[in-house]
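A short worksheet on the structure shown next.
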Amino acid sequence: MNVLVYAGPGTTVESVAQCTTTLRSLLSPNYAVLTIDAPTLINEPWPPTTSLVVVPGGADLPYCRALNGQGNSKISSFVRRGGAYLGFCAGGYYGSSRVEFEETNPDYAVVGQRELAFYPGTDRGTAFPGFVYDSESGARAARIRVVKQALPGLQIDETNPHVEEDAEFEFASYYNGGGVFVDADSLKHKNVTVLARYAEEVKVDGGDAAIVHVKVGEGAAILTGPHPEFSPKRLRKTDPQLPPFYGDLVQKLLADNPRRLSFMKAILIKLGLKVNLDVTEDSPPLPTTLHLTSGYPVDVESLWSAITGVEGLLEKDSLDPTGKKLRLMGENDTFVFAESSDSPFDFGAVAAQLPSSETDVFPEDLNKVVKDVVVYQGNKTRMPTLKQTPHFDHALYYNELIPPNSPRQTFGSVILYGEVVTSTSTMLDRNLSLLRHLPTGFTAVGTVQVAGRGRGGNVWVSPLGLLAFSIVIRHPVAIQSVAPLVFVQYIASLAIVEAIRTYGPGYDELDVRLKWPNDVYARNPAYDEAVAEGATPLPAKYLKIAGILVNSNFANNEYLLVVGCGINTANEAPTTSLNTLVAAANVKRRREVRQALEPFKIERLFAKIMWMFERMYNIFKVQGFYAFEEMYYARWLHTDAIVRLEMHGGTRAKIKGISMDYGMLVVEEVSFDGVSTGKKFTLQPDGNSFDMLKGLLKKKEGV
């Protein structure tokens, strides 16, 4: 499911960034937190796949100009039918029936009715004096007193176990221009609940309600005056234009940051969302050192020689006093390389680390963080130790990939690994100056991705337990007639399924299937339990367990493909995991007195996939997809399934297969009693998606 953050006219860059980063940290991997503009919000069919719409801080009037009418009607209908709305500051004003902003100030006054009207009263502001547009002059660390009885999901101060349960729960929240929800205590009969109050005297009449919850039809809205979504670790600290009190403001916010985080979790739970309660920071971890290694040492030496031999690609790092580091300025990322024997970086703790000094500035764009790369070549240090990469055993991986006396392996034989990365796909396909010099089989791997990418622009934080990798394939134009590009995603999906099924004896019992066009699904253990118990309603029979995303560039008569894959190996969120399937299978095996299956190991599974993918791709290059047609259909979920075609007026159709020329999904129109009309449709994998729950083939949402 999606959480959509409005980023259209009126929003500020900082508010959108603070909002999306906080929500991704607290809600990943259960939700994909995306930004959405006004035309997309108005025109695209987003409500069925969305749990929450968020309107961040900015200016309310541009929101009105962009969304009044159809846009607001769509948001309102979404909430009344069971969705949720969260409005911060300007989004709080916007979600009220009436706005009274600086009514007595002719330069700033904004007064009038609003269409959403979730709060059935007036939001009056500013609550505190000093507000100036596009300035921090009126910013403050506002004291917020929480109404604990209204937030049963609130965790009492975890950092201080001596706090009594009945003690007041206050925290400092960033504030800059928000309002007061006038007479909120008198609107209980209209389903209004005050969640938090300003603990300091406000300058406007109408009470002290700072944050309110409103039941709206089958859904709900939470509106705020302050900015509890703002992390003090992401606030600017060194800008010379900041007012002199700003450093003290940040320190006050930092002191109460754990409580602010607890409050954010509680209001998201109040809106019915599944929150990652284990998160202790709502800023993503910073990217860690990358390690360039190979199971064949000569391959790293060859690659390093090729890269350093390209004129103008690398330059000496001006920040390195030793002169041994080399800098590569990519189109999206900057990499600083050094050979392992030079010990150029302080490995220290490679777990997620955040800035702690008051002078540190958390980067707004983690892609701009310089990526340090250790190049392991020569005989001294072939690969990092487990102390340096505690979540990935390089020795185990290469031993599984390249056992003694095995044929030459290309896919996955050279890897760039990081404990924390932005996105394995982004580091490759958005840095063409680097990508064009990488060989087929070069693979980027990450344990945690802080900006993972999916189909349709989805971005999320992927946690421990996900196998995330992206592999480079140089696909010659000359073989397009035999091996069309579109089938690479099908080959990758099939390789993942076969690697899982052949992981070891007994793993072929795991019901893992292909979902068109580029997902892997697994049978839901909870479904079989519910059937056995006669429970209703039944949960989904199959759940997504892996996804594939192929990006392509073109140069010198080759498609430079980056095939990105994410496989939920050990983390159940947001659906299920391979190890959950293993645990369910072992329950049955114990009853039958059979040996239990071992949980999947990331390194071994990764090696299996690389081995399988390379062999399938090499056959595909020569024989085309015909060589895998029978196997593909044996593994997919869709043979003869009856679906509706959204893009053809809801036409009923039966899935027949995939066209062997362009990889299109072939469906045949049928009557309501299942009789074929003889009319066929072909659907492209790009631009369409398959909603299995509704049996609906539909246009991919443009969000």
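The values are calculated or read from the model by the stated rules, or taken from the named source; none is laboratory data. Small disclaimer: the values here were computed from a predicted structure and weren't measured. Here Cβ is always computed from backbone atoms with ideal geometry, including for glycine, and neighbour counts include all displayed protein chains. What goes into the accessible areas is simple: the full protein's heavy atoms, side chains included, and nothing from ligands, DNA or RNA. Shrake-Rupley method; radii C 1.70, N 1.55, O 1.52, S 1.80 Å.
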Restricting to the range 31-43, name every residue that is open to solvent by less than 30 Å² (accessible area, probe 1.4 Å) and out of contact with any Leu (no Cβ under 8 Å at 6 or more places or on another chain).
Ala32, Thr40
I'm checking my understanding of the structure. Among residues of the range 268-316 that are of a type in the set (A, V, I, L, M), in contact with a Pro (Cβ under 9 Å, 6 or more places away or on another chain) and farther than 20 Å from Pro574 by Cα, which one is surrounded by the most Cβ atoms within 10 Å (Cβ to Cβ)?
Leu303
For a quick check of your reading of the model, give me the residue pairs whose first member lies in the range 480-494 and is closer than 9 Å to Gly624 by Cα, whose second is of a type outside the set (A, V, I, L, M, F, W, C) and in a helix (DSSP H, G or I), with beta-carbon atoms closer than 8 Å and at least 6 apart or on different chains.
Val482/Lys621; Val482/Gln623; Ala483/Lys621
Among the residues of the range 71-78, are any in contact with a Leu (Cβ under 8 Å, 6 or more places away or on another chain), farther than 27 Å from Ser231 by Cα, open to solvent by 10 Å² or more (accessible area, probe 1.4 Å) and not acidic (Asp, Glu)?
yes
Among the residues of the range 35-52, write down those that are touching a strand residue (DSSP E or B) at 6+ places or on another chain (Cβ under 7 Å) and either in contact (Cβ under 8 Å) with a residue 60 or more places away in the chain or closer than 18 Å to Glu14 by Cα (or both).
Thr35, Ile36, Trp46, Thr49, Ser51, Leu52
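If only one of Pro390, Pro407, Pro403, Pro384 is farther than 22 Å from Phe335 by Cα and in contact with a strand residue (DSSP E or B) (Cβ under 8 Å, 6 or more places away or on another chain), which one is it?
Pro390
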Top-ranked residue of the range 371-407 - restricted to ones that are without any contact (Cβ under 8 Å) to a residue 12 or more places away in the chain and open to solvent by 50 Å² or more (accessible area, probe 1.4 Å), ranked as nearest to the chain's Cα centre (by Cα)
Leu386
Can you name every residue in the range 48-70 that is assigned to a helix (DSSP H, G or I) and open to solvent by 10 Å² or more (accessible area, probe 1.4 Å)?
Pro48, Thr49, Asp60, Leu61, Pro62, Cys64, Arg65, Ala66, Gln70
If you go through the range 488-505 one residue at a time, do you hit one that is assigned to a loop (DSSP other than H, G, I, E, B) and either open to solvent by less than 10 Å² (accessible area, probe 1.4 Å) or farther than 24 Å from Thr580 by Cα (or both)?
yes
Lone unmet requirement of (1) outside any strand (DSSP E or B); (2) closer than 21 Å to Leu543 by Cβ; (3) at pLDDT 85 or above for Lys694:
(3)
From the list Leu286, Leu303, Leu254, Leu273, pick out the single residue that is modelled with pLDDT of 90 or more, of a type in the set (A, V, I, L, M, F, W, C) and in a loop (DSSP other than H, G, I, E, B).
Leu273
